[in-house]
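Single-structure report; data block below.
The values are calculated or read from the model by the stated rules, or taken from the named source; none is laboratory data. Computed from a predicted model, the values in this text were never measured in an experiment. Don't worry about glycine lacking a Cβ; one is built from the backbone with ideal geometry, like all the others, and counts go over all protein chains shown. We work out accessible area using only protein heavy atoms, side chains counted, and drop any ligands, DNA or RNA first. Shrake-Rupley method; radii C 1.70, N 1.55, O 1.52, S 1.80 Å.
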Protein chains: 4
Amino acid sequence: MPDQVRVALIGAGRIGQRHAATLASAIPGAELAVIADVHGPSATTLVDKVRCPRWTDDPRAVLEDANIDAIVIASSTDSHAPLIVAAAEAGKQIFCEKPIALDLEATDRALDAVERAGVRLQMGFQRRFDKAYHAAKELIDAGALGHIEAIRDTMRDPSPAPRAYLETSGGLYRDMTIHNFDCVRWMMGQEVNQIFAMGSALVSPVFRELRDIDTSVISLRFSDDSLGVIDNSRRSGFGYDVRTEIFGSEGALMIGYSRDTPMLRLDANGIHSDHIHWFLERFDQAYIDELKVFVDGIIDGTPPPVDGYDARAAMVLAYAAEASLRENAPVSPSRFARTVGEG
Amino acid sequence: MPDQVRVALIGAGRIGQRHAATLASAIPGAELAVIADVHGPSATTLVDKVRCPRWTDDPRAVLEDANIDAIVIASSTDSHAPLIVAAAEAGKQIFCEKPIALDLEATDRALDAVERAGVRLQMGFQRRFDKAYHAAKELIDAGALGHIEAIRDTMRDPSPAPRAYLETSGGLYRDMTIHNFDCVRWMMGQEVNQIFAMGSALVSPVFRELRDIDTSVISLRFSDDSLGVIDNSRRSGFGYDVRTEIFGSEGALMIGYSRDTPMLRLDANGIHSDHIHWFLERFDQAYIDELKVFVDGIIDGTPPPVDGYDARAAMVLAYAAEASLRENAPVSPSRFARTVGEG
Amino acid sequence: MPDQVRVALIGAGRIGQRHAATLASAIPGAELAVIADVHGPSATTLVDKVRCPRWTDDPRAVLEDANIDAIVIASSTDSHAPLIVAAAEAGKQIFCEKPIALDLEATDRALDAVERAGVRLQMGFQRRFDKAYHAAKELIDAGALGHIEAIRDTMRDPSPAPRAYLETSGGLYRDMTIHNFDCVRWMMGQEVNQIFAMGSALVSPVFRELRDIDTSVISLRFSDDSLGVIDNSRRSGFGYDVRTEIFGSEGALMIGYSRDTPMLRLDANGIHSDHIHWFLERFDQAYIDELKVFVDGIIDGTPPPVDGYDARAAMVLAYAAEASLRENAPVSPSRFARTVGEG
Amino acid sequence: MPDQVRVALIGAGRIGQRHAATLASAIPGAELAVIADVHGPSATTLVDKVRCPRWTDDPRAVLEDANIDAIVIASSTDSHAPLIVAAAEAGKQIFCEKPIALDLEATDRALDAVERAGVRLQMGFQRRFDKAYHAAKELIDAGALGHIEAIRDTMRDPSPAPRAYLETSGGLYRDMTIHNFDCVRWMMGQEVNQIFAMGSALVSPVFRELRDIDTSVISLRFSDDSLGVIDNSRRSGFGYDVRTEIFGSEGALMIGYSRDTPMLRLDANGIHSDHIHWFLERFDQAYIDELKVFVDGIIDGTPPPVDGYDARAAMVLAYAAEASLRENAPVSPSRFARTVGEG
């Protein structure tokens, strides 16, 4: 195994820029060798900013480069699955932003390619690398809460993404709730047996026009009959809202964040503080740590803590939630289980 | 209207004792004239403690006493509806602990009696008189949150009640969640169009034996398509847990309580505080204020802020939740609407 | 010893009204027998409100009433010492609002009378009966903080009292800081060896006119060389501010209060809550509990937890702080120690 | 002015390592050209870690290098003043960790050299670059608190530094309280007219042996008669404690930090969270931002927000506090004012 990992970054957009800064400087074992973006100027701007030696507007080219050990896929969603397949075939280690694809068929083709090639695929579910979520998972696994009985997972964006983003997002469940689906599976250490979804379009007429929803509550039954609930909104009215509560026989954990700046202001109207605004602030360190884990894993062989099968499982829950919404009935995610040999 | 209300208290158990203390001293317009309990010794002990002049072991007797203006019913649940009917026929003003009855038929007979007699019936949903819930409702009604889109309402008891209590409690939804049902109707200012319930017996084998559940999540769709979720447990592992969050287009409210004593302890393990333990602590002042509002309303004619129809509506939601649980399907509460002339 | 204590309340002003409500109903062992106020109408209004059987405009008269076991002195400060002397001579048990007197000479005469008569004198330093302060003191005494090294005690009123009150208040240190002086002595379990005071008149020209100060910081050295600081203001700008921090070798305690209503409001400007406004809200339960302890002590013989010598010691610190301010130098409170036989 | 600043870092210890990481990657306008440390292996290890092209064990050598625009001094305290003088004479822009020197004479010599050379000298008082302190200062300057009347500034280290460090630290006031001295001057926007210090050695016998103190409270009078208090300890018992409160006529600000991980744990003993442990965690971002401001200032000409005169003023307050402690009397810092032509 290498002691220095040469990484190609594909995608120089918002999240690509975040990863470029990390790969360029924050990870001792990583060397950011090239940045690829089909929109050349985005790539050139970014290589200048992070002092990366090389750029290209042909993402496929970097896969043919024998000097590249690993790729970080931060390009548009529709390119994820094809790039995974090509990278796997080229024997590259892969880090990919969620989701693999917006449909299970493409997801499965990518998983097959990864499995055939024997490369690693780590998915960018950043919550798993957050200090608070991580500490919570360790306490749960250590039995500190006794027997886990329920989970409440909430997520609200500060305001809806632009229409152009929403049009190709895959809808609320595949785009946003996918983070909650991964989170509850991980925290509970179990699969979901039944799901019931209610959704509404309340935030903006755009969601109704796109036959999408912007507000949702989802009930979950896990395999041991413990229960869960996920609630989402595309607009919080007060900033970025990500909180998770886990309840056990011996106690509970409440993960969340509220204040951004550690300062209170007191006046005749009461006590005031600010509130965290954006996921890049909330998960700032997690975005660094997920890449550290990826690179360290390549060097020392530790398997990725969240892989393509986790991504598929979260997408299955999105499918099941959509089916529940459509049918107005509880749905078993097993309906979307992979048939052997189907891939 | 009277400027002094002579009150008879029926029931000298835990909540009766609480109300006796309030009626004996905390409400200028109230005079606690008599305490009735079928278990005589409970009544005699309580009259001594609060210096009430009279007691009886015959609750019906106080209804025949022309000097009594109002009764406060804090006896066992099965006695509520018959006492309401008898008190209404005797022309008394009525305060009754929840529920009116564990079934809608008895509830409706009581409501009919109250309506025929033209007396007031105020129900003991104490959250409505809590300072925080009250302030929240005022902000919502004043439009401070913009358009309301979602509500999350949680309630966990510190530990399960004894089996004897549970056996006649009516089950989780009629006994405990009934508070949440009233709360979400009140906060949202709307009726529930659809309900889906998931429940499990995880806390203790007793619940399974009683064919009851101890853990539940409920999804709710309101008449304007806003959404809600209620989660409950008969055991929290950390004290009494009552929290409600309301989300609107312009902001959110989070009602809750955690610390009991205003003291933090810091040591090498971190920061520690205590947690509120019991509903009588959490809603201490609300139990006083609900009786103040009841007595003041008799004096000045203001209608009760929470009446028998609210109690019926909450019970309908319990029925609907039970049906949803039984049928594993979403249920419309309209199924349990009252047919005209049925009462 | 009696199993029922007949109490006379002297003084029907703000704090007298508070105590009347408690004595009339909240303490099983107490019977509020009479209310005295030199302003007769105040007394008559209050007896009506709390249903006390008797009133008088002659406070001395109640001392001659053999049926009275105890008196609660809540009249104007200048009447405290003479009433204590007279009550002691009449063999009554005494609860007195702080201070005994605004000068040490009158204080000492009252202490002598109490000692000669062998009656109890409990002082109304209500913090000692607050749940948080009480819990803190127990943790300190149990060694939970290790060796105590420092204390920070802060107190700010929401806004200055009226000029008429300030004129006879005795100034910041004898009127307000007296609570902090008692608190730090009690918490630290030690006497103060040295005090240095800085004060300014910043809040209102009235203080300058009265040759008083409204803002102060005081440094304290305790007998074992641990250190303390007290800071005060007659005006907080945001409500009532009472917080105390104690630091030990093994950890710290932070006593305080901020939010009044357990509700957060979140909007685009951040997170907002209210703040507690007034000492009667903050110490609501402590005002009840101090009288419970007083009455229970009369019944069971437990000595008062805060007595006249504590009141004198706090007043000595006020004297020392004033001397420090005048002399712009550190002062030893021993300068104001009582000479044997002086009283 | 340059659009890229070539920086030499002097000192590869704990804080030097922190600055190296920042200079190597986090500031677009900075290029970390060389790392110097008299202990060569420290320098070589660090250049490898941050991929800096060059190292030396002769700090003076980098001052002769015409390619270097600026130096960051993070070496031992006794080297600060001589390096400032030499760097100024070489025309380099200077960032220096606090203090300039442990005595005012050496401080003044350094200030003179900087003034003669016309270079910039920015001091590493990192609180000034913390988001919370910065926001507080802006609110104060904008008048949001009305007239400022008092400040409380507290600082406790988790545990005492090793004896070797303490021996050359300059003592509590020059080493630790110096941060508070700078903070209160900055926040209040005024000079201190009078200071009174109390100190004790309670934490460890080492402090007594070194004739140093470990626990202190300091009272401050500012030029407009507003008041302040600083309290310090070399050992908190619970982590790193830095909190500041500012009180004005219209409200107050409370700056502080407690929880590290945004997670609460609730169990039968109450509510628990962790506590921030170390100044490098608390001021993580401030250590980055102070260097950004330094580098940006070199590029765009903005003067340093905290310069050598601020460092001198803070040291004067340390001198005055020591004099007060020695003399057990309040001291005017003007005693240590610089005489014209003295430097």
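Numbers for the structure displayed
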read-out	value
The listed residue being farther than 27 Å from C:I288 by Cβ, at pLDDT 95 or above, open to solvent by less than 70 Å² (accessible area, probe 1.4 Å) and over 21 Å from the mean Cα position of the chain (by Cα), out of B:A61, B:A70, B:A36, B:A8	B:A36
Single unsatisfied condition, C:P41 versus (1) open to solvent by 10 Å² or more (accessible area, probe 1.4 Å); (2) within 22 Å of B:D48 (Cα to Cα)	(2)
Filter pass, A:G29 being in contact (Cβ under 8 Å) with a residue 40 or more places away in the chain and buried (at least 23 other Cβ atoms within 10 Å of the Cβ)	no
Residue within segment B:293-312 that is touching a Phe, Trp or Tyr at 6+ places or on another chain (Cβ under 8 Å), closer than 20 Å to B:I230 by Cα and of a type outside the set (D, E) present	yes
Segment A:73-94: number of residues that are within 16 Å of A:V5 (Cβ to Cβ) and either assigned to a loop (DSSP other than H, G, I, E, B) or open to solvent by less than 40 Å² (accessible area, probe 1.4 Å) (or both)	6
All positions within segment B:259-291 that are more than 8 Å from chain C (Cβ to nearest Cβ) and polar (S, T, N, Q)	B:N269, B:S273, B:Q285
Boolean, C:I213 is in a strand (DSSP E or B) and either over 14 Å from D:M198 (Cβ atoms) or of a type in the set (V, I, T) (or both)	no
Top-ranked residue in segment C:255-293 [being more than 27 Å from D:M155 (Cα to Cα) and in contact with a Pro (Cβ under 7 Å, 6 or more places away or on another chain); ranked as least open to solvent (accessible area, probe 1.4 Å)]	C:V293
Meets criteria (more than 21 Å from B:E191 (Cβ to Cβ), out of contact with any His (no Cβ under 9 Å at 6 or more places or on another chain), at pLDDT 95 or above and of a type in the set (A, V, I, L, M, F, W, C)) for B:V293	yes
Hits in segment D:126-152 (condition: outside any helix (DSSP H, G or I), within 21 Å of D:D225 (Cα to Cα) and within 11 Å of another protein chain (Cβ to nearest Cβ))	D:A144, D:L145, D:G146, D:H147, D:I148, D:E149, D:A150, D:I151, D:R152
Test for B:A142: is it over 30 Å from B:I73 (Cα atoms), touching a Phe, Trp or Tyr at 6+ places or on another chain (Cβ under 7 Å) and small (G, A, S)	no
Checking B:I178 against (1) assigned to a helix (DSSP H, G or I); (2) buried (at least 24 other Cβ atoms within 10 Å of the Cβ), the condition it does not meet	(2)
Segment D:203-250, residues that are polar (S, T, N, Q) and away from chain B (no Cβ under 14 Å)	D:S204, D:T215, D:S216, D:S219, D:S223, D:S226, D:N232, D:T244, D:S249
All positions within segment D:9-31 that are assigned to a strand (DSSP E or B) and more than 19 Å from D:H80 (Cβ to Cβ)	D:A30, D:E31
Within segment D:224-254, considering residues that are farther than 22 Å from D:L280 by Cβ and hydroxyl-bearing (S, T, Y), the one surrounded by the most Cβ atoms within 10 Å (Cβ to Cβ)	D:S226
Flag for A:D37 being among the acidic types (D, E) and under 24 Å from A:S79 (Cα atoms)	yes
Residue match in segment D:126-138 (condition: at pLDDT 95 or above, over 20 Å from D:D289 (Cα atoms) and surrounded by fewer than 21 Cβ atoms within 10 Å (Cβ to Cβ))	no
Residues (among the aromatic types (F, W, Y) and either surrounded by fewer than 13 Cβ atoms within 10 Å (Cβ to Cβ) or under 20 Å from the mean Cα position of the chain (by Cα) (or both)) located in segment B:296-343	B:Y309, B:Y319
Some residue of segment B:157-178 being within 11 Å of chain A (Cβ to nearest Cβ) and touching a residue at least 60 places away in the same chain (Cβ under 8 Å)	yes
Residue that is farthest from the chain's Cα centre (by Cα) [pool: residues in segment B:182-223 that are within 30 Å of B:S249 (Cβ to Cβ), charged (D, E, K, R) and open to solvent by 10 Å² or more (accessible area, probe 1.4 Å)]	B:R221
Sole residue being more than 14 Å from chain C (Cβ to nearest Cβ), farther than 30 Å from C:L139 by Cβ and assigned to a loop (DSSP other than H, G, I, E, B), chosen from B:Q190, B:Q194	B:Q190
